[in-house]
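The next block holds one structure in the form of structure tokens; read it before the comments.
The values are calculated or read from the model by the stated rules, or taken from the named source; none is laboratory data. The structure displayed is predicted, hence computed values, not measured ones. When we count neighbours, we look across all protein chains shown, and the Cβ atoms used for this are built from the backbone with ideal geometry, even at glycine. Note: accessible area is taken over every heavy atom of the protein model, side chains too, but ligands, DNA and RNA are not part of it. Shrake-Rupley method; radii C 1.70, N 1.55, O 1.52, S 1.80 Å.
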Amino acid sequence: MPDATCSAVLLDIDGTLVDTNYLHVEAWSRAFGELGHPVDAWRIHAAIGMDSGKLLEALLGDDAERLGDAAKERHAAHFAELADRIRAFPRAQDLLRELARRGLKVVLATSSPPEEFDRTTAVLGAGDAVLTATTSSDVDTAKPAPYVVGVALDKAEVAASDAVMIGDAVWDVQAAAAAGVRCIAVRSGGVGADELRDAGAIAVYDDVAALLDDLDESPIFRR
């Protein structure tokens with residue numbers, strides 16, 4: 001078994017470990033439509049994973065301040081209605097357990113609200129493989145700002161140079177870079193490999209199952 005290049009692995013959840021990105025698109029689409037401000041689904045998808053305030057500014061423009069709070073409330077309600085469709089990606093739990101088995105600190109680095117975090121991690125079923133986690137309660141501004149990653153590093157008690165991030169969105173890659181953390185990307189959130197590499201991802205895999213299959217040759221174990 002090769003030596004690890006880090007002591008902690010920080011993982012995004014939505015679109016990385018659980019198949020929820022398109023459920024979020026559906027929930028936001030319903031919310032915007034109900035408020036009389038329909039938004040094309042592809043534009044919503046492109047903003048998934050971004051700080052909610054920035055997402056609303058990008059998608060609602062000048063109406064963000066007027067409609068933002070109502071949109072967030074309706075999104076949360078619609079996402080809860082879709083909860084029975086949340087599923088973990090194949091072998092996501094296996095990846096977390098293998099990283100922990102090899103002695104790495106496993107940290108879930110997300111800005112999801114606590115209720116969404118509880119819902120998705122229940123489906124993920126990671127159990128004691130996860131050392132610690134972040135939620136929206138830990139930060140005021142989410143990705144692409146680096147604060148979520150910074151809090152995750154603090155909770156894991158590791159330096160940025162001693163961690164690797166795994167995420168599915170450009171915002172994950174940008175947040176990791178801003179915090180000084182290398183980022184591996186997966187395509188399971190619906191973002192293309194070229195876009196993820198252009199954002200700064202050091203490696204791109206189809207999904208976490210593909211990363212697990214290549215773990216010994218990945219940037220987690222090979223420089």
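If each of A83 and T141 carries a label point 7 Å out from its Cα toward its Cβ, how far apart are those two points in nm?
Result: 3.2 nm between the two label points.
What FRET efficiency, computed as 1/(1 + (r/R0)^6) with R0 = 35 Å and r the Cβ-Cβ distance, is obtained for R222 and R43, rounded to the nearest 0.05? Please report the intermediate quantities before stating the final value.
Values: r = 37 Å, r/R0 = 1.07.
With R0 = 35 Å, the Cβ-Cβ based efficiency is 0.40.
Tell me the angle of helix 114-124 to the major Cα principal axis of the chain, expressed in degrees between 0 and 90 and rounded to the nearest ten.
50 degrees
How high is the relative contact order of the chain, given as a whole-number percent (alpha carbon pairs under 8 Å, six or more residues apart)?
Working: 410 pairs, mean separation 60.3, N = 223.
Relative contact order comes out at 27 percent.
Suppose a student asked you for the relative contact order of the stretch 7-64, using Cα pairs under 8 Å spaced at least 6 residues apart; what percent would you report?
Details: 32 pairs, mean separation 14.3, N = 58.
It rounds to 25 percent for the stretch 7-64.
So how far apart, in nm, are the two label points at A76 and L35 if each is 7 Å from Cα heading toward Cβ?
Going by the 7 Å Cα→Cβ label model, 1.4 nm.
For the stretch 148-223, rounded, prolate or oblate, judged on the Cα gyration tensor with a ≥ b ≥ c (square roots of eigenvalues), a/c < 1.5 rounded, else prolate if a/b > b/c? Working shown, then result.
Working: a/c = 1.91, a/b = 1.29, b/c = 1.49.
Cα axes put the stretch 148-223 in the oblate bin.
Let me know the shape class of the stretch 72-197, please: from the alpha-carbon gyration tensor, a ≥ b ≥ c as square roots of the eigenvalues, rounded when a/c is under 1.5, otherwise prolate if a/b is greater than b/c, or oblate. Write out the running numbers ahead of the final one.
Numbers: a/c = 1.35, a/b = 1.20, b/c = 1.13.
In terms of gyration-tensor shape, rounded.
What is the helix-to-structure angle for 92-101, meaning the angle in degrees between its Cα long axis and the longest Cα principal axis of the chain, kept from 0 to 90 and rounded to the nearest 10?
For helix 92-101, the angle is close to 40 degrees.
Give the percent of DSSP beta bridges with both residues in the chain that are antiparallel, rounded to the nearest 5. If you can, show how the numbers build up before the last one.
Working: 1 of 19 bridges.
The antiparallel proportion sits near 5 percent.
Based on Cβ point charges of +1 for Lys and Arg and -1 for Asp and Glu, what charge dipole magnitude is obtained for the stretch 37-116 about its Cα centre, in debye rounded to the nearest 20?
Numbers: 12 positive and 14 negative charges, 142 e Å.
Here the size comes out at about 680 debye.
Could the peptides 183-194, 70-81 be put in order, highest first, of the mean number of other beta-carbon atoms found within 10 Å of their residues?
By packing density, highest mean first, the sequence is 183-194, 70-81.
Return the distance in nm (one decimal) between the two label points of a simple spin-label model at E65 and R102, each offset 7 Å from Cα along Cα→Cβ.
Placing both labels 7 Å along Cα→Cβ, they lie 4.9 nm apart.
Measure out, as a whole number of angstrom, how far apart the alpha-carbon centroids of the stretch 148-223 and the stretch 103-123 sit.
16 Å
Size of the dipole of the stretch 1-160 about the Cα centre, Lys and Arg at +1 and Asp and Glu at -1 on the beta carbon, nothing else charged, in debye to 20? Display every interim value, and only then the final one.
Working: 16 positive and 26 negative charges, 108 e Å.
Using Cβ point charges on Lys, Arg, Asp and Glu, the stretch 1-160 gives about 520 debye.
For the chain, what is the largest minus smallest coordinate of the Cα atoms on each principal axis, given in angstrom and ordered from greatest to least?
Projected onto its principal axes, the Cα set of the chain covers 56, 32, 30 Å.
If the only charges are +1 at each Lys and Arg Cβ and -1 at each Asp and Glu Cβ, what is the size of the charge dipole of the stretch 124-223 around the Cα centre, to the nearest 20 debye?
Values: 7 positive and 17 negative charges, 47 e Å.
It comes to approximately 220 debye.
Please calculate how many Å² of accessible area the chain carries per residue, with a 1.4 Å probe and no DNA, RNA or ligand atoms counted.
Numbers: 9700 Å² over 223 residues.
Result: 43 Å² of accessible area for each residue.
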